[in-house]
Every structure is written in structure tokens, then in C-alpha cells.
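The structure under discussion appears below in the form of C-alpha cells.
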Amino acid sequence: MIKYMFAGLLCFDNSPPVEAWITPDVWVSSLYPRYKPDVSGYQRDEHGLLVEADIFNTPSSRHIGSVPLVSDRLRVAFWGRLDNRDELAAQLLLDRPLDETPDARLILAGWLKWGESLPEKLTGDFALAIMDSERRTAFLARDPVGVKPLYYWPHEQGLLFASTSAALLKLGNARPTPDPEWIARYVIGQSKSHDRTAFKEIMKLPGGHSLSIGEGRHELRRYHHWRDDAPDVFTRDPQRVEAYRAVLEETMRSQMVSDYTLGTENSGGIDSATITAYLGKFMGDPGDRLHSFGFALSEEEPAYILETSQAASIVHNHINTSQYGRSGFSDEQMREDLEILGYPEEHGNATSHRPFYDQCQLYGIRTLFSGYGGDEVVTNYANHIQRELIDKGAYKAAIDLMRGKLPLRIYRLLRRIYKERKNAGYNANFLAVWKKRWPEQPLRDEIVARYDLEREYMETARYDAVHRKHNDWIISGLLQMAYVPTRLENCTLMAASYGIDYRWPLWDKRLVQQYLSTPIIERAGPGGIGRYLHRRAITGTVPDRVAWKRSKYMGERQSPSRNNSSEIVKTMKQIDDELHPLLADMIDRDKWRAKIDQIEKHGFDAEANFQIRRHMLAVKWLNVWLNGLSVA
């Protein structure tokens, strides 16, 4: 497991010479602009270029040699982590012991045996590229969820690809074009996509997909499919909890391998507590080998954070009682972040977790664990289960999930059957909020109409209402929502720029599939308690007060708000004065200035003016980005 980042070029017959595109040194520096890699290198010939920069993390890292890996006509670049190395080694012919075999060599051996079926055999987070200089082909693939980013530009003169879109902005003979439609969507928070970026020409390879490129060939293939195979069983069996726990523990153990001190995020909630508690448990006495990082902005968070840390014997706990101030959104900081991301961040955790990255660097931590992903699958509250049980005629099981005395539960069952004869179409709560928020958006009416933005915005308020089965809600709903890979991409890139490998055990494909294959009756408990399968599995490892906490509420916010009226007015006026021409054609300046007047007269109300601050930050990101591109 090594933190590789890479960039590559495959030239077609009509391509100019490789050196006309870019020099290797420029590409290397674009991969790690703020952190010096442990090793970097490139391979170049008349048909292409492959550049790689690596940061060591595990014992096999020490045996990497030169990069990228070259074998006869093949060149291999791999960014990620293989969690089934033993399984792969048993099936492949290796030329050295497994503990001396970097992941890239396993990828090469797998390619020689399985060809384009290789990604299906891999477990872990990864983006990979295999170039054949003789046949002039390239093969790209990305892990099932989309943890490790992989961008590509199908240029008419060649294929360009990289771990970050920022690398594709350094070309000497080609410049990507900002996409006005993406910009409009970004302003209203609807830009996230599985395959589109802020540039017309640059694409994202979706998670669970591979791409094969050669002269006259461009084949995008989805190689991973989640199985909806949970049996219709309506009585619980403790063995299913044991089976789930076994996969959870296997997942944790396989992701803990590192030569360096580990870090773990801990919010006090069940997801991050799971990761933190298991790290402590499997390390025995963590001592200096494990540090915990958290934000304690609400009154109950410190107690919940420390309860898990105490149970796991974690000595080093870094609790941040406020987030970084306005400097985190300064023009200078945004320009620095754009050198890493390539275009404005689409998920705020990428930059808001900067305190953790800084602290990890201070203590030499190269691996940071996160509990993100639980809500989407394995710790989902399973609100669809009553609906599904009713549809399947399992009325007794449905009644058992309801609160109250038996007559009241029967009444609730009958009422629900009557009310749910038809799908609602929209989540009523979401739709009400969306309608309230929409008038606050600052785009001109012509732009809204041009891209049909209001209709598309309101469509997202359907959320979970159209699904009647829990697995449908997860597989066809949550796992298709672009915010999932977008958060992973943004956070992975930002952390990598500090030399840190983010790990997300609750997104492990083995664990996700185990949950999807477990009967739904195990996922919700008596009285409708959610997260029931996971809660039972972690009992005895995670403190009960944390594991069985019904809600996420952590009390009133204690940390001072960053919503300073004078600062917000100052920023909005600065944006108005310096608005890039492309944005000037999109933003309704009268509406923008009316908002400034409103805040000056009445102050900034964090709840009522929530959308104003969001739009302000979005336009600021866009302004800094577009002005930077203009200068370049």
C-alpha cells in the first residue's frame, strides 16, 4: 500500500511530439504541490508519457524501486490500496515474496492473467492505469465506490488522464474550457456528478467502471454491480450478526497495515466511534501509534468523543473546539486549494478538515481513518423497512417495529397501509424546504430557464419517497447519488496533498455487500430502532452509550458562529466589485445587492440566511477559480 498519484498521455497518430504536451517535471509537481513525494519518476517514448509520484506507507513500499512500473511494453500506475493481497498472491505468479511485492506488481501480474477482468478481482480503494506502448492502448479503472479519483480527457490527438484534474491544466498545447452549465449548477449546489467536471473536455471515470482506449476504440464499461440478494426471512438469527461482525472486523484489519502512526476521526457518533474503537481494540495498547481527531462544537460532543477514546485506551486525543476562521476562505487559500483540486471544491469537508491534516503532518501520520459512509449503507436508519414488510405481507414483523402498546401499533399499521397505497412522489419535508430555499438563489432567470435548473433542483426533493424496498433505496437511490464519490474525491485529494491517505472502512465493498445480503429484519429493531444490525455487531467494542444512542443530536452549538454580518457584507461587496465576466452574465446583480442591503439593515441570521452564505462561498470559489484561469 503506497500513495501513488499519476498522470499519463497516450498519443494517437495525429499527435504532436510528447514534449509539446508537457514536461515530466511539471506533471510531477502538479501531483503533490505542497508535499514532497518519497519517490517520483516517469517513462516516456514517442507514443506517450506516464508520470508517477509516490508516498510510502507500508512495508511493501520499501521495495518499490523506480516508478512507474515497466515490464516489456507495459507501464503500470496504481494509486490506492489492495486489501486482498493474500488472495491475489495465491492466484498469481509472483517473482518475489508477497511482503516485498508492491501493489503495482500485483496489478501487473493480474493484468497478464485476467486482462480487462482485473478490476473485478480487486478489493480496496484504487485508481489504475495500464499502458501498452507497442499496441498503443490504455486501460483505466476505478474502485467500486469511487474513493480514488481518476480524470481523463479524450482529446482528438490522444488520451490524457490523471489523479487530479489540476494536472490536466498544465498542458502546453491544450487548455480545457470552463463549462457554463456546470458553473450555474455549482452556484445552486447541484454540480456534483459521477462523470462530469467543471471543464467541458475533462471527464471523471465513474466508480466501478473501466475505460479501454486505443486507435478507434473507446469503451466505457461498468464492471461492478451491487447484488440485491437479501432473502425474504422475517425472523432474526444471531448468526447473521456474527457474520456481519466478521466482515466488519476483516475490513478493519485489512486496512490497518502501515509503517506509520495512524490517525482516526472521531465525532462522537456511531460511525466514527466504530472505526476508532476497533483500531484501539486491534492495536491492543495503541500508545503513540494512534491519534484521534475531532471537532467538538456542540455541548455533548466532547463527552461522546472521549468515552470511545477511553474505552479504546487512546492516549492522544486532539479535540478542536472551533473550526478555522475566515482565513480558510481567503483568496490566497482558495488559490492554493485549486492547485490541488483543479476546480472549486464541491464538498466542504475537503477544506473544513484542514485542522486534522495539519495535526497529522505534525505527528508524522500518513493514514487517516474516517467513519463516513455509514449513514448511506451499513448504519442507515432503515426507514423503508416497515413499508417493505407491509408490501410483503409480513404484518407481524412490521408491527414489532412500531412503538406503543399492541392496539396502538395495529392502528398505526392500518393507517400506514391506507396512506401508502401510492408512493408520495416527493419527500414532503424536503419539498417544503426546497420551495422555501429556491427564491434565495442568485442566478438570472434566463440562466435558470436555459438549463432547466428549477425543475432539476425540485426533482432532488424526491429523495427516498419513490422507493419501497430498503435495498432499492440504497442501490438505486443513495449509491447513485453523486455526492458520495464527490465527497470522497475532494477529501482524498486534499488529504493526499498533505501526504495523508484517507481510509473509509464503512465503504468497503465486502462490508457493503454483506449488509445488502442480510435480511431486512436484522436492520431495524423493536420499537423501530434503526442501525440495529450494526449496533448489535459493535456491542462490546463500542461503549453502549455511544452504540445505542438513538439520535445524532449532540446538544446546542457552543462554538462561536462564523456568520459575522460585517465580514459577510464585506465579502459580498468584494465579489460584486471583482466578478468575472462569465459570472457577471449569470448572477442577478440586483438580487445580489439587495441581499447585501438586507444584511446591512437587519444583520445576518444564521438560520434565515443560511442559503446566502452558501451562495456567497460558491460564487467566491468560482470567482477565484475563473480569474486564476484567465491569468494562466
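The values are calculated or read from the model by the stated rules, or taken from the named source; none is laboratory data. Only a predicted model underlies this, so the values are computations on that prediction, with no experimental measurement involved. So basically every Cβ, Gly included, is an ideal-geometry build from the backbone, and we count neighbours across all protein chains shown.
May I ask you to list the residues in the stretch 263-290 that are without any contact (Cβ under 8 Å) to a residue 40 or more places away in the chain and in a helix (DSSP H, G or I)?
Initial filter on the stretch 263-290 (without any contact (Cβ under 8 Å) to a residue 40 or more places away in the chain): 280, 282-290.
Hits for the stretch 263-290 are GLY280, PHE282, MET283, GLY287, ASP288, ARG289.
Name the one entry in GLY189, GLY158 that is in contact with a Cys (Cβ under 6 Å, 6 or more places away or on another chain) and among the small types (Gly, Ala, Ser). Step through it out loud before you land on a result.
On the way: GLY189 fails: in contact with a Cys (Cβ under 6 Å, 6 or more places away or on another chain).
Just one listed residue meets the conditions, GLY158.
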| message | Going by what's in this entry, would LEU49 be described as in contact with a Pro (Cβ under 7 Å, 6 or more places away or on another chain), at negative phi and either of a type in the set (D, E, K, R) or assigned by TED's automatic domain parsing to the domain that holds LEU171 (or both)? | response | yes
| said: For TYR395, only one of the following conditions fails: (1) within 17 Å of the chain's Cα centre (by Cα); (2) aromatic (Phe, Trp, Tyr); (3) surrounded by fewer than 23 Cβ atoms within 10 Å (Cβ to Cβ). What is its number? | reply: (1)
| message | Any residue at all in the stretch 401-414 that's in contact with an Asp or Glu (Cβ under 7 Å, 6 or more places away or on another chain), buried (at least 17 other Cβ atoms within 10 Å of the Cβ) and either modelled with pLDDT under 95 or in a helix (DSSP H, G or I) (or both)? | response | no
| message | Tally up the residues in the stretch 106-136 that are at pLDDT below 95 and under 19 Å from PHE56 (Cα atoms), please. | response | 0
| task | Taking the residues in the stretch 221-276 that are surrounded by fewer than 15 Cβ atoms within 10 Å (Cβ to Cβ) and in contact with a Pro (Cβ under 7 Å, 6 or more places away or on another chain) as candidates, determine which candidate is nearest to PHE56 (Cα to Cα). | result | ASP259
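Got a number for residues in the stretch 314-337 being among the polar types (S, T, N, Q) and in contact with a strand residue (DSSP E or B) (Cβ under 9 Å, 6 or more places away or on another chain)? Spell out the reasoning first.
Our first condition is that a residue be among the polar types (S, T, N, Q); within the stretch 314-337, this holds for 317, 320-323, 327, 330, 333.
Filter once more, keeping what is in contact with a strand residue (DSSP E or B) (Cβ under 9 Å, 6 or more places away or on another chain): 317, 320-323.
Counting residues in the stretch 314-337 that are among the polar types (S, T, N, Q) and in contact with a strand residue (DSSP E or B) (Cβ under 9 Å, 6 or more places away or on another chain) gives 5.
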| message | With at pLDDT 95 or above and closer than 27 Å to HIS534 by Cα as the only criterion, which of GLU376, GLU388 stands out? | response | GLU376
| request: Select, from ASP86, ASP95, the only residue that is modelled with pLDDT of 90 or more, surrounded by fewer than 17 Cβ atoms within 10 Å (Cβ to Cβ) and of a type outside the set (Phe, Trp, Tyr). | output: ASP86
| request: Would you check if ALA606 is within 30 Å of GLY628 (Cα to Cα) and among the aliphatic types (A, V, I, L, M)? | output: no
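Being basic (Lys, Arg), touching a residue at least 60 places away in the same chain (Cβ under 8 Å) and assigned to a loop (DSSP other than H, G, I, E, B) is the filter here; which residues of the stretch 188-243 pass it? It would help to see each step written out before you state the result.
First pass over the stretch 188-243, keeping only residues basic (Lys, Arg): 192, 196, 200, 204, 217, 221-222, 227, 236, 240.
From what is left, the residues that are touching a residue at least 60 places away in the same chain (Cβ under 8 Å) are 192, 204, 217, 221, 227, 236, 240.
If the condition is that a residue be basic (Lys, Arg), touching a residue at least 60 places away in the same chain (Cβ under 8 Å) and assigned to a loop (DSSP other than H, G, I, E, B), then LYS192, ARG227, ARG236 are the ones that fit.
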| request: Answer yes or no as to whether SER352 is under 22 Å from the mean Cα position of the chain (by Cα), surrounded by fewer than 23 Cβ atoms within 10 Å (Cβ to Cβ) and either of a type outside the set (D, E, K, R) or in the same structural domain as VAL187 (by TED's automatic domain parsing) (or both). | output: yes
| Every residue from the stretch 77-99 that is more than 26 Å from TYR502 (Cβ to Cβ) and in contact (Cβ under 8 Å) with a residue 40 or more places away in the chain | none
| query | With GLY80, GLY65, GLY110 as the choices, which residue is surrounded by 15 or more Cβ atoms within 10 Å (Cβ to Cβ), over 30 Å from MET334 (Cα atoms) and under 31 Å from the mean Cα position of the chain (by Cα)? | reply | GLY110
| Being more than 17 Å from ILE305 (Cβ to Cβ), surrounded by 20 or more Cβ atoms within 10 Å (Cβ to Cβ) and in contact (Cβ under 8 Å) with a residue 40 or more places away in the chain, is that true of even one residue in the stretch 536-550? | yes
| Unique residue being in contact (Cβ under 8 Å) with a residue 24 or more places away in the chain and within 30 Å of ILE596 (Cα to Cα) when the list is THR460, THR486, THR518, THR492 | THR460
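Got a sec? Which of PRO154, PRO180 is touching a helix residue (DSSP H, G or I) at 6+ places or on another chain (Cβ under 8 Å), of a type outside the set (Phe, Trp, Tyr), farther than 18 Å from GLU52 by Cβ and modelled with pLDDT of 95 or more? Before you say what the answer is, go through the steps one by one.
Details: PRO154 fails: touching a helix residue (DSSP H, G or I) at 6+ places or on another chain (Cβ under 8 Å).
The conditions single out PRO180.
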| task | Confirm whether ALA537 is touching a His at 6+ places or on another chain (Cβ under 9 Å) and aliphatic (A, V, I, L, M). | result | no
| said: If a residue counts only when it is within 25 Å of MET252 (Cα to Cα), which helices (runs of 4 or more DSSP H) contained entirely in the stretch 316-379 have at least 3 such residues? | reply: 354-362
| query | When LEU94 is evaluated against the numbered criteria (1) in a helix (DSSP H, G or I); (2) over 18 Å from TRP27 (Cα atoms), which criterion, by number, is the only one it fails? | reply | (1)
| query | Are any residues in the stretch 485-531 under 21 Å from GLU120 (Cα atoms) and of a type in the set (A, V, I, L, M, F, W, C), and if so, which ones? | reply | LEU488, TRP504, LEU506, TRP507, LEU511, VAL512, LEU516
| said: Could you check the stretch 30-57 and list, in sequence order, the residues that are under 19 Å from GLN361 (Cα atoms) and either out of contact with any Ser or Thr (no Cβ under 9 Å at 6 or more places or on another chain) or not in a strand (DSSP E or B) (or both)? | reply: LEU31, TYR32, PRO33, ARG34, TYR35, LYS36, PRO37, ASP38, PHE56, ASN57
| query | Restricting attention to the stretch 291-310, and to residues there that are touching a helix residue (DSSP H, G or I) at 6+ places or on another chain (Cβ under 6 Å) and of a type in the set (A, V, I, L, M, F, W, C), which single residue is surrounded by the most Cβ atoms within 10 Å (Cβ to Cβ)? | reply | PHE293
